[in-house]
Structure formats: structure tokens, C-alpha cells
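Only one structure is covered here, and it is reproduced in the block below.
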């Protein structure tokens, strides 16, 4: 484990380890709390005074550590409610999150009643935070739970569930360690909340799954003695398991576009019947993963959507609405700017973050954007290079699966040729690529989506091997150890009787490096022909599209 990882886990975040097996039994969905008024944090916690030790003192501490204007559009009290939830109580006293989650698992309405006012504030805050991108997160327990999670069974976790995106954190001795019975849950989740900006643990990648998360057991395997990994996949339940914290009767949190349709990207296999636009909006708000919807007043059909797609088109008898703060498949970073890398000579005007994201998604070569809420300026970017913290109102969105100037190969690994002695942790493929682009001598990398390990490479070597859970990215125009000459050809001196087909210059170079006696090559980008050479003799200028590389 790297020193960096050890520093990050020197304070134990107990929420990442399950104290006992989660219980899938309940008397019904979590309801009733939404009828409570939205109160300041101190007032919301007054009913908890007999339950939680010194609760109001911890409330004061949470408010002291919360800025007046938190990120994600939260109020100070809303943000502080998350800080309070993530706080560890001192000495032997039980933390608030521990008592709350035990109460949620028992599903006793009488015991849950004192928590309603705090739940109203906490869940209102969490609803405002954009969904994190669909990803795999981790959670663990010091037990062997294989028999309790047979493949194909359904699972409901009724409490809040804290997970990490960084697997090595759980391997630390503060958590599961390397010995004794251990079960790791790898969870494919699509609506987790990234609470880092509001958490007591600001330096940890903590994802929070909401109560009533419904999942299915996909698989089990045993990679090491006493270590069992159970893979869960979040599914959409047939019924609402967690009541939303508030009813937006006028759908004011969505932007409405009349006479507009958004084809495809449907969450459900068929539309549902709703009497009016507001009811369709409520259907979207209570459907996991829904960030937009289309409604037909004449047929009263409602289509919840996971994305705005290409933006839609003008259509009579259709009303489309979308959440202006969410954009599927893009990662959102508040207070972050990208200098340079602009596609257009100036910004374009867009009414909100989601519209700027849509502009990027429909613009060739756009993999990221920055947006100014005050100026409504939208800057489209070819790369996330030169990203930095912003003191202004900049918001950045980027595609976590794309990196400009690099070729992506899924299920592929490059052994050896490492720049660093160990991998570094990165949240996604694009961030690993950025790490390579900003590291001297790096022309390729391999990334593991499950462990978030990013290995930087000096070369693609002999080309790599097929490996599940590895993604390789490489610069197609570079090859370490070879000099590149554009518009140059080498007639003759061929090793093979005919050329070979290669996708790019770097792949042709790799072919040469792996072929005995090859010290040079020529490559044609238009025909993708790669000719391997024994010598540079007879080299000459080329009027065609030849590129020569030589050792």
C-alpha cells in the first residue's frame, strides 16, 4: 500500500465497515418523515436529545465547520446535517449515524418517529446533491456472508450505506485487514451521493447509498483465503421504498419545454399513465436515475428518462422537462475550471449546467466543459488538462470514459514498463489518462475500474494482453526509443514479404519492437499499412502520407 493511501486512512471512518449483516425484512417503505417542516439543524435535533449523547454540542461543531454558502446549492443547515451524520462521537459514546441506521433497520415506526425532523433535513440535503456517475463502490464486513447472499436473490439495505470508491482503503488494518474471515461487497450503483464536500472526512472518497436501496446478487468469488467478494447490482424496485423528502407540486426544480420531445433514453420498458404534467414530474422524481421526462397531454402518457440524449426535437402534444443540475454520463466538479483546450473561440450562452453538458455531448471532439452559473457562459473543451480549483462560480463536467489524443482499448493490459513503483488511485479512466498526460515520459497507462488503480507506462511494449477489468490508453502518435520522421519513406529493406495492418503509428512501432531484426518502419495513416525494415538505407522524402520511425 502506498504512503499516500496510509495517510488517508489514518483516521478510521467506521461507516465503511458493516457492523453486522444488513436485514432485508421490513414492515413497509420509509414514509411519514416528509410531512415534517424543514427546520434549522439545532431544532431538528431537539427530539434526539434523549437518544444521542451531547447532540446539540455536536450540532454547534457541525455548523462551525460549515461555510455560509456550501457547494451543490445546499443551505448551511442542510450541509451541516451531512457533516453531523458523518461525525464520529468521542470516547465510548455512540455516533449519530450508528443509532440512526440501527433504527432504520428495525423499521419500528415508534422508534423512528423522533428521527423524522432530522431525516427531513438530511434527505432534503442529499436530494439536492447530483447523482454520482454509475460506478462500482465497495463496502465490507469481518464475516463470511456467502450463505446469506446466494446468486440471483434480491437484497434491500434499509439504512444509509457508506461506501468507498477506493478498494485499498478497506484493505488497511484499520478496516478489514488481510487476515480472518472477510466479505467485500462490490456494488454497481447508479444513484449514490458523493458527500465529500459536506463530510467530516473531507479527504475520503465516501459515497452514500440512500435507505431502501434495492439490489440483486450477481456473483460470488474467493480471490484469497478467507476473503469473499459478493457482487451486487442496484435495480429499480417495483414500489417506492423511500418517500421523497418533499413534493415539488409545481415541478419547480425542473426546466419545462413545451412542444418538445426527447426520444429514447427511457428508464421503463413502456410509458406510464399520469393524469397531468405535475404527476409525470412526480413519477420522475420518485424513479431512481430519472433526470428528465416527456409527457403527452392528449394520451396522458409519461416517459421517465435517464438522459436528455441529443436534446430532442420540436413535437406537438409533447412536454419535456429536465433537471438543470444533472447530466448523465458526465462527472460534475463544482468550483473547478479548465484553462484553455477550447473548441470554440468564445463561450456560448446556455441557461443551465445540463444544457451546457448537452451542447458538449452533441459537439464533435468535446469531452469536457466548464459552465458559469452567473454569466450562463458555456466553454466546450477537448481535454480536461490544466484543470484547477476555481474561486469563482465555475462548474466543470467531463466524460469519465474518454480522453482526447489517447486510444482506448477495453479488456486490455500492458504488463511492465511502469514509471512508478506502484499504481496510483484515480476515480475514472479520464482521470488516469490526465495523470499520464501530466507525467513526464508517460505515453500509455492501464486502469482498473474495480480497484481504481492507475498504472503509468513508458511504452506499450509488445502490445499487452487481454485482461478483464483493465482498460489501456495510449498515445497513438508516440513511441519511446524511436525517432519519428513525418513525410519520409524507406523503399526496400523489408523484413516481411508484405505490409501488416495496424491502427496507428504507435501500434506499428510496437510491431517493430516485437519483431526480431526490426530497427525501423514506415507507416501510412490513410491505408494503415505498416512496413517493417532492417535498415534506414535509401530513406527519402515522401510526397504521400508516409511516416518513418527508427531506432
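Quick look at the numbers
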item	result
Solution diffusion estimate, µm²/s, Stokes-Einstein, the range 350-497, Kirkwood Rh from C-alpha pairs, 37 °C, viscosity 0.692 mPa s	191 µm²/s
Whole-angstrom Cα spans of the chain along principal axes, big to small	89, 64, 46
Calculated P(r) of the range 214-359 - Cα pairs past 22 Å, %	50 percent
0 to 90° range, to nearest 10: angle between helix 96-106 axis and the chain longest Cα axis	80 degrees
Kirkwood-type radius of the range 483-550, with distances r between different C-alpha atoms, in Å	11.4 Å
Separation in nanometres of the label points that stand 7 Å from Cα toward Cβ, at residue 108 and residue 191	2.9 nm
Length-normalised contact order for the range 255-322 - Cα pairs under 8 Å, 6+ apart - percent	48 percent
Spacing of the two label points (7 Å from each Cα toward its C-beta) at residue 298 and residue 551, in nm	7.2 nm
222 nm mean residue ellipticity, helices alone, for the chain (DSSP H n ≥ 4; -39,500 (n - 2.57); rounded to 500)	-5000 deg cm²/dmol
Length-normalised contact order of the range 288-436 in % [C-alpha pairs under 8 Å, at least 6 apart]	21 percent
Cα-based helix-to-principal-axis angle, 116-128 vs the chain, degrees rounded to 10	20 degrees
Percent RCO, i.e. relative contact order, over the range 407-487, from Cα pairs under 8 Å lying at least 6 residues apart	41 percent
Peptides 46-53, 255-262, 470-477 ordered by average Cβ neighbours within 10 Å, highest first	470-477, 255-262, 46-53
Estimated FRET transfer efficiency when R0 is 22 angstrom, pair residue 440-residue 389 (beta carbons, to 0.05)	0.45
Shape of the range 273-312, Cα gyration tensor, a/c cut at 1.5	oblate
Span from the the range 509-530 Cα centroid across to the the range 36-102 one, whole angstrom	63 Å
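Coordinate-derived values only; no laboratory data. Bear in mind that the values here come from a model prediction, so they are computed numbers and not experimental data. A quick note on method: Cβ atoms are made from the backbone with ideal geometry, for glycine too, and the neighbour counts reach across all protein chains shown.
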